[in-house]
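Here is the structure we will look at.
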Amino acid sequence: MKSVVFIGRGLAEYIDMFSLDPMELEGSRILDCAAGVSSFRSEMDEMGFSVTAVDPLYSRTPDEIKKLACESFRSHTMNHRDFLRDFRVDGIPVEDYRRMVFRRFLDDYKRNPSEYIAGELPFLPFDDGEFDLVVSANFLFLYEDLLDYSFHVESVREMLRIGKEVRIFPVYNIHRRKRSLHLKPLMDEFNDYDIEVRKVKYHEEAGCNEMLIIK
């Protein structure tokens with residue numbers, strides 16, 4: 001999908017986006033779905049956690065991914081320079097942080113290719129119940145103008161097939177920065193599950209600070 005931005009997030013952002021407590025994740029099998037060029041898998045692996053990343057991007061070579069990511073980063077930076085100028089992550093200017101995240105991702109992608117699986121929603125190449133937790137950031141809901149409601153339902157159903165718990169961030173669309181039109185009907189669709197919208201610490205724009213939990 002050409003409109004998707006390849007901007008990687010790091011562990012500190014994942015912890016805030018998904019309200020993750022590493023102490024509670026010990027022994028868990030975790031899937032980062034539509035992981036892109038994020039360094040979450042790499043950083044968690046260094047801490048001894050079991051994390052697999054899946055994304056259609058992983059059918060490409062490291063050099064191809066580097067070219068795509070650099071072009072996306074350059075465009076994103078130009079279009080959001082005023083906002084990004086004073087934005088920091090872990091005390092680091094966000095542009096420097098994004099470069100650091102991408103370098104960590106690319107190094108890990110080269111070292112551990114078997115942990116990066118080429119696949120895309122709504123059909124993932126994993127067994128039923130293979131993971132304890134599936135996290136998915138900056139894809140579903142965000143691109144509601146490109147991904148229709150049926151795609152969201154099929155994608156959530158697929159993540160619930162392979163994982164005991166699913167967390168999706170954010171529940172806002174990318175343009176109007178309001179809750180996605182798909183959110184309420186989707187919550188009704190899965191009302192036989194334990195489902196909730198929870199506020200989180202992370203948001204890049206004021207108010208964009210909610211994730212969906214389904215289990």
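Side notes on the structure shown:
- Per-peptide packing, taken as the mean over residues of other Cβ atoms within 10 Å, places 183-191, 135-143, 18-26 in the sequence 135-143, 183-191, 18-26 from highest down.
- Cross-link partners of LYS178 among aspartates and glutamates, defined as those whose alpha carbon lies under 14 angstrom from its own and excluding same-chain residues fewer than eight positions apart: GLU144, ASP145, GLU204, GLU205, GLU210.
- Shape call, segment 93-193: gyration tensor on alpha carbons, a/c limit 1.5: oblate
- Taking 0.36 nm per residue of separation and subtracting the current Cα-Cα distance, fully stretching the chain between PHE151 and THR61 would add 29.6 nm.
- With protein chains left intact and a 1.4 Å probe, residues in segment 129-215 average 46 Å² of accessible area per residue.
- Accessible surface comparison of MET100, MET159, probe 1.4 Å, protein chains only, largest first: the order is MET100, MET159.
- Length gained when the stretch SER114-ASP194 is fully extended (0.36 nm per residue, less Cα-Cα span): 25.5 nm
- Across the accessible surface of segment 156-215, with the other protein chains kept in place and a 1.4 Å probe, carbon and sulfur atoms take up 47 percent.
- Sequence-distant lysines (8 or more away, or on other chains) whose Cα lies within less than 20 Å of LYS66: LYS2, LYS110
- Each residue, LEU181 and ARG161, gets one label point 7 Å from its Cα in the Cβ direction; the gap between the two is 2.7 nm.
The values are calculated or read from the model by the stated rules, or taken from the named source; none is laboratory data. If you're wondering where the values come from, they're calculated on a predicted model, not measured in any experiment. A quick note on method: Cβ atoms are made from the backbone with ideal geometry, for glycine too, and the neighbour counts reach across all protein chains shown. For the accessible areas, the whole protein counts, side chains as well, though only heavy atoms, and no ligand, DNA or RNA atoms are used. Shrake-Rupley method; radii C 1.70, N 1.55, O 1.52, S 1.80 Å.
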